[in-house]
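The values are calculated or read from the model by the stated rules, or taken from the named source; none is laboratory data. What you see is a predicted model, and the numbers here were worked out from it, not measured in a lab. A quick note on method: Cβ atoms are made from the backbone with ideal geometry, for glycine too, and the neighbour counts reach across all protein chains shown.
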Amino acid sequence: MSPSPHHAHRTHALLGALLTVLAALAALMTITPAAHADTQICDAFGSTTVQGRYVVQNNRWGTDQTQCITATDSGFRVTQADGSVPTNGAPKSYPSIYNGCHYTNCSPGTALPAQLSTISSAPTGISYTYVSGAVYDAAYDIWLDPTPRTDGVNKTEIMVWFNHVGAVQPVGSQVGTATVAGRQWQVWSGNNGGNDVLSFVAPSAIGSWSFDVMDFARAAVARGLAQNNWYLTSVQAGFEPWQNGAGLAVTSFSSTVNTGGSGGDPGNPGDPGTPGACKVAYGTNVWQGGFTADVTVTNTGSAAVAPWQLAFTLPSGQRITSGWNATLSGQSGAVTAAGQSYNATIAPGGTVSFGFQGTYSGTFAKPSGFTLNGTACTTA
């Protein structure tokens, strides 16, 4: 700020003092950089990126009422969700986080669109926070198209309903039940006027889960709603609210698409592609309120696994605070550990080890299951 004329005689003294203070502040800022701040989005189609690899979008299209979300380092939460729409029609929005391309907005460094026949696995993990007093579904969306399009509506939408509250149901009608990715689902099929919709509805709420997106893509191919030469264009996780929705949150999200190698046949569930058999040893050192975990992954298959990703779900109350020898996506709930440049390949019969430190509340427990590039592992 420039001094006023009657303060001109003090300018040099004040300027010297100000420069001294600014120099001290600059040094302090160099030593302790400012922490990352959560980002609020209230624009109907506003978006931002998190972790340098995913897009978080507000995606309010079915109402003029205000909806705001806050993007966090690991996902997002809905902070305001005004208004309601009839439950016998479309929802008012789909606030979500995604990997891939949505109406020309592609996430940084994404491998999508990718042809189904070239994808060996697409491991993913998601953790949700649910609330009462709202009508909504918590849905994981998988988009497929005959072309590698990055804009507009795709031909087939696969919806995986982790939870739903209130008198809402998927597009179309229920056509049966099926077991996909080791879980039992109600299966719905229909068309919303713009695309085919294949929905898998969980009989009871799922709070967090790690799975392979390709299991659901294969199910769509098997039902004639996609073909092996079609493209996976995006995977998205979020909520479809009809009434209210403040407090709903995605607390962690991870998604990787592994292409190349012996991709396997997406239309044949018996041909999973590159991932081989695996074994996981999970050793822990536990004290009151804290723990460390040392994880050793053994490739018991006949082919190298590269790059590798190990997905698992931490029991409720546990949170990762630091890690080593792997890149960890997600701090609680669904977690994915990925190899780094120096340990990105697990040779046949070979092992790789990584670890992390965390906190916990309640009774300590170990994760119940692990998947390596989408393939379930045995535990040592």
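Annotations for the structure displayed:
- Restricting attention to the range 200-211, the residues that are buried (at least 24 other Cβ atoms within 10 Å of the Cβ) and either within 18 Å of L144 (Cβ to Cβ) or not polar (S, T, N, Q) (or both) total 1.
- For first residues located in the range 224-244 and over 28 Å from G166 (Cα atoms), partners that are aromatic (F, W, Y) and lie 6+ apart or on another chain with Cβ distances below 7 Å form the pairs T233/W143.
- Leading residue by the ranking (farthest from T371 (Cα to Cα)) among those in the range 177-230 that are touching a Ser or Thr at 6+ places or on another chain (Cβ under 9 Å) and of a type in the set (G, A, S): G190
- If only residues of the range 250-273 that are among the small types (G, A, S), out of contact with any Pro (no Cβ under 9 Å at 6 or more places or on another chain) and surrounded by fewer than 24 Cβ atoms within 10 Å (Cβ to Cβ) are counted, the one that is modelled with the highest pLDDT is G260.
- Selected residue (criterion: farthest from S234 (Cα to Cα)) from residues of the range 89-106 that are among the polar types (S, T, N, Q) and touching a residue at least 60 places away in the same chain (Cβ under 8 Å): S93
- Contacts under 8 angstrom Cβ, first residue in the range 42-54 being outside any strand (DSSP E or B), partner of a type outside the set (D, E) and exposed (fewer than 14 other Cβ atoms within 10 Å of the Cβ), 6 or more apart: C42/T66; A44/W61; F45/W61; G52/P108; G52/G109; R53/P108; R53/G109
- Search result, residues across the range 62-88 that are part of a loop (DSSP other than H, G, I, E, B), touching a strand residue (DSSP E or B) at 6+ places or on another chain (Cβ under 6 Å) and over 23 Å from S234 (Cβ atoms): T66, V85, T87
- Pairing each residue of the range 140-162 that is touching a residue at least 60 places away in the same chain (Cβ under 8 Å) with any residue that is part of a loop (DSSP other than H, G, I, E, B) and hydrophobic (A, V, I, L, M, F, W, C), provided the two are 6+ apart or on different chains, yields C-beta distances under 7 Å for L144/A226; L144/W230; D145/W230; P146/W230; T156/L225; T156/A226.
- Per-region count, the range 183-219, residues touching a residue at least 60 places away in the same chain (Cβ under 8 Å) and touching a helix residue (DSSP H, G or I) at 6+ places or on another chain (Cβ under 9 Å): 2
- Within the range 170-194, the set of residues being crowded, with 17+ Cβ neighbours inside 10 Å, at pLDDT 90 or above and part of a loop (DSSP other than H, G, I, E, B) comprises P170, V171.
- Residue match in the range 351-363 (condition: outside any strand (DSSP E or B), of a type in the set (V, I, T), farther than 25 Å from I97 by Cα and at pLDDT 90 or above): yes
- Qualifying residue in the range 35-45 (condition: crowded, with 18+ Cβ neighbours inside 10 Å and modelled with pLDDT of 95 or more): yes
- Those residues of the range 312-329 which are in contact (Cβ under 8 Å) with a residue 40 or more places away in the chain and in contact with a Phe, Trp or Tyr (Cβ under 7 Å, 6 or more places away or on another chain), in sequence order: F312, T313, G317, Q318
Per-residue answers, yes or no, for (1) over 23 Å from S255 (Cβ atoms); (2) touching a residue at least 12 places away in the same chain (Cβ under 8 Å); (3) crowded, with 20+ Cβ neighbours inside 10 Å; (4) not acidic (D, E):
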residue: A334; (1), (2), (3), (4): no, yes, yes, yes
residue: G339; (1), (2), (3), (4): no, yes, yes, yes
residue: T345; (1), (2), (3), (4): no, yes, no, yes
residue: G350; (1), (2), (3), (4): yes, yes, no, yes
residue: F356; (1), (2), (3), (4): no, yes, yes, yes
residue: G362; (1), (2), (3), (4): yes, yes, no, yes
residue: S368; (1), (2), (3), (4): no, yes, no, yes
residue: A380; (1), (2), (3), (4): yes, yes, no, yes
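- Extreme residue, farthest from the chain's Cα centre (by Cα), among residues of the range 210-230 that are part of a helix (DSSP H, G or I) and small (G, A, S): A222
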